[in-house]
1. So, counting K/R as plus one and D/E as minus one, what does the shell of residues with Cβ under 14 Å around Asn156 add up to?
2. Arrange the peptides 238-250, 275-287 so that the one whose residues have, on average, the most other Cβ atoms within 10 Å appears first.
3. Using modelled amide H (1.01 Å from N, peptide plane; none on Pro or chain starts), what sits under 5 Å from the amide H of Trp74, excluding residues fewer than 5 places away?
4. Under 1.5 on a/c is rounded, so check that first for region 1-143, then, if it is not, pick prolate when a/b is larger than b/c and oblate when it is not; a ≥ b ≥ c are the square roots of the alpha carbon gyration tensor eigenvalues.
5. Can you tell me which of 304-313, 20-29 comes out highest on packing, and rank the rest after it, using the mean Cβ neighbours within 10 Å?
6. Which ³J(HN,Hα) values in Hz, rounded to whole numbers, follow from the phi angles of region 42-52 under the Karplus curve 6.51 cos²θ - 1.76 cosθ + 1.60, where θ = phi - 60° and Gly and Pro get x?
7. Once you've got the Cα coordinates, tell me which of Lys150/Lys273; Lys102/Lys173; Lys114/Lys173; Lys102/Lys123; Lys64/Lys102; Lys4/Lys34 are over 18 Å apart.
8. How big, in percent, is the set of alpha carbon pairs in region 152-248 lying more than 16 Å apart?
Amino acid sequence: MKIKILFHNNCFDGVASAAVFASFYRQCIDNNAKQEFEGLAHKAGQIFDEKIFTGDENAIVDFKYCSSPRLTWWFDHHQSAFLSKEDEDHFHQSLQGISCGKKFHDPTFRSCTKYIAQVAHEKFGFDTSNLEELIEWADIIDGALYPDAKTAVELNAPALKLMLVIESARDEKLIANIIRDLQTLSLQQVASQGYVTEIIDYYYNRHLKAIDIIKDAAVCNGNVVHFDVSGHDMEGYSKFIPYYLFPDALYSVGVSLSSFRSKVSVGFNPWAKGARRHNLASICERFGGGGHPVVGAISFSPKELEQARSVANTIVTELNS
Ligand SMILES: [Mn+2]
């Protein structure tokens with residue numbers, strides 16, 4: 001018996017969701033099932049390849065819905081949870097959707113981690129007591145509940161050091177080790193594991209470089225910090241850097257490029273002195289992307305960089321209107 005757990009890759013909440021789900025599954029569903037993990041990333045024109053569902057049971061956490069009958073568990077808290085109207089109808093109407101009692105969607109939760117913990121506790125009697133610290137930090141990180149941009153960017157707490165590694169590392173085995181250890185160790189202990197400490201300086205220096213690159217590239221256009229870092233290897237920079245550098249900006253719009261996508265990232269400054277008057281998930285959905293009301297993104301193929309730039313310009317204008 002094998003349970004395959006698919007999660008939002010390179011995202012603290014995605015990784016924490018995988019750890020909480022794995023722990024829940026072992027405690028409440030099947031103590032002996034072999035657990036396997038695979039991270040999922042948003043891509044342009046995404047459709048699920050059924051080949052990823054290699055388990056006897058397959059779960060997706062903190063990532064989009066899939067109508068495949070091979071998917072047996074699903075938890076998500078994104079506003080943009082469905083790739084199509086058909087998928088949304090499938091979730092609401094099919095016997096394999098919401099009514100199977102193992103697929104859950106609630107965009108009012110700040111983190112998918114907390115959502116899984118709460119549903120698993122209420123519906124399956126899951127004891128979350130040794131995961132409280134992880135659940136709380138996932139909520140702080142995904143909800144951007146930091147006191148200020150300095151805390152979010154200077155990364156002193158163990159959870160934030162782990163966040164840096166999780167967001168930066170392109171190493172499946174490392175992420176799987178973190179998911180394993182988050183289930184039994186404190187965040188301080190996980191952040192002190194040799195496989196984390198040996199790479200953290202590298203990623204921290206990269207983070208400092210990202211701050212410099214964004215500082216050089218960014219221009220403030222009305223309410224919006226706008227930057228294009230597609231000339232640099234910047235997949236996985238901290239989305240709070242723009243507000244650390246430009247505390248008065250209301251929004252940020254960034255263009256980046258990696259081997260598998262060009263990307264427009266849109267965010268609202270969590271420490272803004274003004275109110276948010278735009279739903280960023282809805283704006284991104286119009287261009288084929290998605291996210292939450294306060295943070296969204298649109299993925300293009302690497303070849304569509306010009307299109308990404310032009311969409312970014314359009315969004316900057318809209319956010320200033
Ligand atoms: Mn999440």
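1. Charge balance near Asn156 sits at 0.
2. Details: 238-250: 20.6, 275-287: 17.2.
Packing order, densest peptide first, comes out as 238-250, 275-287.
3. Ile60, Lys103, Phe104
4. On the way: a/c = 1.42, a/b = 1.21, b/c = 1.17.
In terms of gyration-tensor shape, rounded.
5. The peptides rank, most packed first, as 20-29, 304-313.
6. Coupling constants for region 42-52: 6, 9, 5, x, 5, 9, 6, 8, 4, 5, 6 Hz.
7. On the way: Lys150/Lys273 16 Å; Lys102/Lys173 28 Å; Lys114/Lys173 25 Å; Lys102/Lys123 10 Å; Lys64/Lys102 15 Å; Lys4/Lys34 8 Å.
Beyond 18 Å between Cα atoms: Lys102/Lys173; Lys114/Lys173.
8. Numbers: 2683 of 4656 pairs.
For region 152-248, the fraction of Cα-Cα distances above 16 Å is 58 percent.
Bear in mind that the values in this text are calculations on the coordinates, not laboratory data. From a predicted model like this one, the values you see are computed outputs, not experimental measurements. In this analysis, Cβ positions are derived from the backbone assuming ideal geometry, glycine residues included, and neighbour counts consider all displayed protein chains.
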